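Just below is one structure, and these are the notes that go with it.
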Amino acid sequence: MKLVVANLFRLAALALLLILLFRTEWLSFMLVPLTSNNAPAVYTQNSLASLAAGHLQLVIGSIVCSAVLAVVGGIFVTRESGADFLPLSRAIANAGQTFPPVAVLALAVPATGFGAMPTLIALFLYGLLPIFENTVAGLKQVSPQVLDAADGMGMNGTQRLLRVELPLALPLILEGLKVATVINIGTATIGSTVAAKGLGEVIIAGLISDNTAFILQGGLIVGLMAVLIYDAMGLVEAAITRRIGLRAA
């Protein structure tokens, strides 16, 4: 029964997202009461599907870069040679989360110009902490007995990492990746303040014109994308962990 309800929710959320992206006019009867002074109820200055695609490009690009650096950094600081760098690495990853994204944009624009690049830098910094911390936690939770067994089988350091430690740490690493992705889907809306293509354009247009219908359209699309992508990543995580005989985090 729970599976049926979950699948119905997924289908309903996906259907609503597709309507918002491609047939927003079908929802006009709900959006018109949220406007005033005969303002348009449906955002038509740009294709919502195109803005959503640009939004996801920003998220995917930043998450890939964050994941590479965070996982490599997590591996490094859990090795004996890099253990002394753990406090410094953790401080840098934390700084990426605590430094306001708007401030990152303000600092990045003079160096990189307007467009996608300042937003990618801000999202990259924002995505580091959850992936880094989960990588470190996942690698540190591997039992010493398991590591001793790997050594007893004649594995070298690289073999032990790739065949034993990373597979056992994978559920936590994937969980960090999911959290970072959802955070960046929401945070990417600020990119429109520096002319990056994304759904923030719709929300900002609504704020400027006092049009709640625009704000609702942008917010709903971002929220539905975050929920559906998190759910899809959870299903992928479960499939991967089942395949290698582990439990999801």
Using alpha carbon centers only, segment 159-225 is separated from segment 132-146 by a whole-angstrom value of 27 Å
Hey, which lysines would be in cross-link range of residue 2, C-alpha to C-alpha under 23 Å, not counting anything within fewer than 8 residues on its own chain?
178
Using only DSSP helix segments of four residues or longer, with each worth -39500 (n - 2.57), what per-residue ellipticity at 222 nm results for the chain after dividing by its residue count and rounding to 500?
-24500 deg cm²/dmol
State log₁₀ I(q)/I(0) for the chain at q = 0.14, 0.15, 0.17 Å⁻¹ as given by the Debye formula over alpha-carbon point scatterers of equal weight, solvent excluded.
-0.98, -1.07, -1.22
Hey, how much of the P(r) for segment 29-111 falls beyond 15 Å, as a percent of Cα pairs?
76 percent
Put 25, 165 in order of accessible area, largest first, probe 1.4 Å, and you get 25, 165
Accessible area per residue for segment 1-128 in Å², computed with a 1.4 Å probe and the full protein assembly in place, what is it?
59 Å²
Using only the heavy atoms of the protein chains and a 1.4 Å probe, how would 151, 231 rank by accessible area, largest first?
151, 231
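The values are calculated or read from the model by the stated rules, or taken from the named source; none is laboratory data. These figures come from a predicted structure and were not determined experimentally. For the accessible areas, the whole protein counts, side chains as well, though only heavy atoms, and no ligand, DNA or RNA atoms are used. Shrake-Rupley method; radii C 1.70, N 1.55, O 1.52, S 1.80 Å.
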